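Q: Below is a structure I'd like to ask you about.
Values in this text are rule-based calculations from the coordinates and carry no lab data. Note that the coordinates shown come from a computational prediction; the quantities given were computed from them, not determined experimentally. Don't worry about glycine lacking a Cβ; one is built from the backbone with ideal geometry, like all the others, and counts go over all protein chains shown.
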Amino acid sequence: MVKQTQALDSSFKALADTTRRAVLLRLADGPGGITELADEHQMTLAGMLKHVRILEEAGMVRTVKHGRRRICEMNAGSCDHASDWLAATRKRWENRFDSMERYLEELERSGRRG
């Protein structure tokens, strides 16, 4: 359970930043070099490397070194645990709202509301 919580925390930390979300969207279209990504975001190489490291720690991106270039690729299915958590949370809230709706309908039918 602790490992799952840490993975989820890493995922949400990675997704919390606009630049990292944009990098993930870009990498969904195909691999990209650190220099290319930094240029696209008008950022220094050091700044982009920090973002990529956070994405790597979350398991969302992997990098491969080709000579002097570092190429980033998105890991397929890397957002599944965050997606699963969001789906389960959404389901829980939908169930609560359904229960509240039934309760309010019952109050209205019994004339106790308003």
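Q: Among the residues of the range 60-72, is there at least one that is under 19 Å from the mean Cα position of the chain (by Cα) and assigned to a loop (DSSP other than H, G, I, E, B)?
A: Yes, the range 60-72 has at least one match.
Q: So, one more: Of everything in the range 1-41, what is assigned to a loop (DSSP other than H, G, I, E, B), farther than 13 Å from H51 by Cβ and either aliphatic (A, V, I, L, M) or touching a helix residue (DSSP H, G or I) at 6+ places or on another chain (Cβ under 7 Å) (or both)? Give them in sequence order.
A: Taking the range 1-41 and keeping what is assigned to a loop (DSSP other than H, G, I, E, B), we get 1, 16-17, 28-31, 41.
Next, only the ones that are farther than 13 Å from H51 by Cβ stay: 1, 28-31.
Of everything in the range 1-41, those that are assigned to a loop (DSSP other than H, G, I, E, B), farther than 13 Å from H51 by Cβ and either aliphatic (A, V, I, L, M) or touching a helix residue (DSSP H, G or I) at 6+ places or on another chain (Cβ under 7 Å) (or both) turn out to be M1, A28.
Q: Starting from residues that are in contact (Cβ under 8 Å) with a residue 12 or more places away in the chain and aliphatic (A, V, I, L, M), keep the ones in the range 65-92 and report whichever is farthest from P31 (Cα to Cα).
A: Residues of the range 65-92 in contact (Cβ under 8 Å) with a residue 12 or more places away in the chain: 69-75, 78-79, 81-82, 85.
Within this subset, residues satisfying the condition of being aliphatic (A, V, I, L, M) are 71, 74, 82.
On the way: I71: 6, M74: 7, A82: 22 Å.
Once the filter is applied, the top-ranked residue is A82.
Q: What are the residues in the range 6-26 that are among the polar types (S, T, N, Q) and either surrounded by fewer than 10 Cβ atoms within 10 Å (Cβ to Cβ) or under 10 Å from the mean Cα position of the chain (by Cα) (or both), if any?
A: Going residue by residue through the range 6-26, those that are among the polar types (S, T, N, Q) are 6, 10-11, 18-19.
S10, S11, T18 - these are the residues of the range 6-26 that are among the polar types (S, T, N, Q) and either surrounded by fewer than 10 Cβ atoms within 10 Å (Cβ to Cβ) or under 10 Å from the mean Cα position of the chain (by Cα) (or both).
Q: Here is a follow-up. Which residue, of A58, A46, A38, is among the small types (G, A, S), more than 29 Å from Q4 (Cβ to Cβ) and surrounded by 18 or more Cβ atoms within 10 Å (Cβ to Cβ)?
A: Values: A58 fails: more than 29 Å from Q4 (Cβ to Cβ); A46 fails: surrounded by 18 or more Cβ atoms within 10 Å (Cβ to Cβ).
The conditions single out A38.
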